[in-house]
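The next block holds one structure in the form of structure tokens; read it before the comments.
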Amino acid sequence: MNVLEAAASFGHEQVIFCRDAEADYKAIIAIHSTVLGPAAGGTRLLPYATEEDALLDALRLSRGMTYKNAAAGLPLGGGKAVVIADGRHQDRERLLRAHGRFVNRLGGRFITGEDVGTSVADMEIIRQETQHVTGLAHRSGDPSPWTARGVFRAIQAAAKQRWGSEDLAGKTVAIQGCGHVGFHLAGLLHRAGARLVVADIVPERVSQVVRETGAEAVHPAAIYDAAADVFAPCALGGAVNDETVPRLKVEIVAGAANNQLLEDRHGRALEERGILYAPDFVANAGGVISSTVDLLGWDEAQVAERIDGIYDTILSVFAIAGREGVPTSVAANRLAEERLRSGASGS
């Protein structure tokens, strides 16, 4: 992969390759846009198969953060960091402190937080090297309950659009991924009266959700075939692809995972099958909205109000899609791009 061509194709401002041999640290920090404000996005820690995989993930995720923050109406740009490690075979504190030093060298252009493979405790370690970090234990904390709340509101909005009522009692939701966000989402859906079908590659996570909600557990590979009303991808990206779209037996796709569509064309593929898609970067914005406690001094009531507003934003996306005759994924992009243009022009 030609790095400059890849960055240009995604529209990035800056891509930084970071290495600290003594800390066994390798990472990529991708800053997609600072048009609306400093680039905000989490730090993902995963054992990527190749450095090309890590780069592509950083580029896609950081662009998604630009659109997510714009669609949420936040004065923040988009960025993302990926640390190429498994977190078990390294000195974790040394690894994360090295990362914090690289974040700090960017002087506030990039503000990071929790993501897949990292935690609130990890953010506290990074905080020892930089002030440009959110999700701290004594402030906004774990963003996953807030992310789940936003996804729940997105599912309600999609239900309103599809069935004329946001009531989820009696509806079946298939949740792929029972980690932090998936677990909290399952609880919200259970309390709303939904029936749950769940899967995860970690059996203990599934067992916990089953104990708490009475969910039906299925093999991870079978979640796409579940007879359900809603499919909620809450694991890694690319769940909606050529192989899985024909297998879905749902009317709505709405979940917490980033980059749920493997390629942009899969938004059209869902539409052609009559499946309503609540675009991921709109639905899962609750986590970054919660970071405003640290970044903008918002209180919990302000955060909750903005996250609940995801319901109306999703309905706006559906309205644009209907008015302009485009898939909801394209409509969400247009909503975010209009806000980016307004921010760039200062209007």
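Of the beta bridges in the chain, as assigned by DSSP with both residues counted there, near 35 percent are antiparallel. Each label was represented as a point 7 Å from its Cα along the Cα-to-Cβ direction; for LYS249 and GLU300 these points are 4.1 nm apart.
Per residue, the accessible area of segment 52-146 comes to 37 Å² when a 1.4 Å probe rolls over the protein heavy atoms. For a straight C-alpha distance cut-off of 19 angstrom, the lysines reachable from LYS80 (same-chain residues fewer than eight places away being disregarded) are LYS26, LYS68. Its Cα gyration tensor gives segment 80-153 an equivalent ellipsoid, and the semi-axes of that ellipsoid, as √(5λ) in whole Å with the largest first, are 21, 15, 11.
With helices as the sole contributors, the chain gives -13500 deg cm²/dmol at 222 nm; each DSSP H run of n ≥ 4 counts as -39500 (n - 2.57), and the sum is divided by every residue.
Which whole-number percent of Cα pairs in segment 180-261 have a distance greater than 17 Å?
Details: 1408 of 3321 pairs.
When every Cα pair of segment 180-261 is considered, 42 percent fall beyond 17 Å.
What order do you get for 144-151, 84-91, 41-48 when each peptide is scored by the mean count of other beta carbon atoms within 10 Å, highest first?
Averaged packing, sorted descending, gives the order 144-151, 41-48, 84-91.
Residue separation times 0.36 nm, minus the C-alpha to C-alpha distance between ARG334 and ILE201: what's the value?
Values: separation 133, 0.36 × 133 = 47.88 nm, distance 3.48 nm.
So the chain would gain 44.4 nm between ARG334 and ILE201.
For segment 284-299, putting each phi into the Karplus relation 6.51 cos²θ - 1.76 cosθ + 1.60 with θ = phi - 60° gives couplings of 9, 6, x, x, 5, 4, 5, 5, 5, 4, 7, 7, 10, x, 5, 9 Hz, in residue order, rounded to whole numbers and with x for Gly and Pro.
Residues whose amide H comes within less than 5 Å of that of GLU216, counting only those at least five positions distant or on another chain, are LEU196, VAL197, VAL198 (H built at 1.01 Å from N in the peptide plane).
Would you list which aspartates and glutamates come within 18 Å of LYS249, measuring only between C-alpha atoms, while excluding same-chain residues fewer than 8 positions from it? LYS249 reaches GLU216, ASP225, ASP229, GLU271, GLU272. Highest average first, the peptides 194-202, 241-249, 62-70, 227-235 ordered by how many other beta carbon atoms sit within 10 Å of their residues are 62-70, 227-235, 194-202, 241-249.
Percent relative contact order of the chain, based on C-alpha pairs within less than 8 angstrom and at least six residues apart? Walk me through the numbers on the way to the answer.
Details: 748 pairs, mean separation 54.6, N = 347.
For the chain, the relative contact order is 16 percent.
Heavy-atom surface analysis with a 1.4 Å probe gives the chain a carbon and sulfur content of 49 percent of its accessible area.
Taking each pair of distinct Cα atoms in the chain once, what is the resulting Kirkwood hydrodynamic radius in Å?
Kirkwood radius, the chain: 20.1 Å.
Enumerate the residues in segment 278-322 having an amide nitrogen under 11 Å from the point lying 7 Å beyond the Cα of ARG162 toward its Cβ. In segment 278-322, the label zone of ARG162 (backbone N under 11 Å from the point 7 Å along Cα→Cβ) covers 278.
Peptides 109-119, 320-330 ranked from most to least packed, by the mean per-residue count of other Cβ atoms within 10 Å: 109-119, 320-330. A cut-off of 5 Å between modelled amide H atoms, ignoring neighbours fewer than 5 places along the same chain, links ILE84 with LYS26, ALA27, ILE28.
3J(HN,Hα) along segment 118-131: 10, 9, 4, 4, 5, 5, 5, 5, 4, 4, 5, 10, 7, 8 Hz, from the Karplus curve 6.51 cos²θ - 1.76 cosθ + 1.60 with θ = phi - 60°, whole Hz, x for Gly and Pro.
The values are calculated or read from the model by the stated rules, or taken from the named source; none is laboratory data. What you are looking at is a predicted structure, and each value in this text was computed from that prediction instead of being measured. As a convention, Cβ positions derive from the backbone with ideal geometry for all residues, glycine included, and neighbour counts pool all protein chains shown. Accessible surface areas use protein heavy atoms only, side chains included; no ligands, DNA or RNA. Shrake-Rupley method; radii C 1.70, N 1.55, O 1.52, S 1.80 Å.
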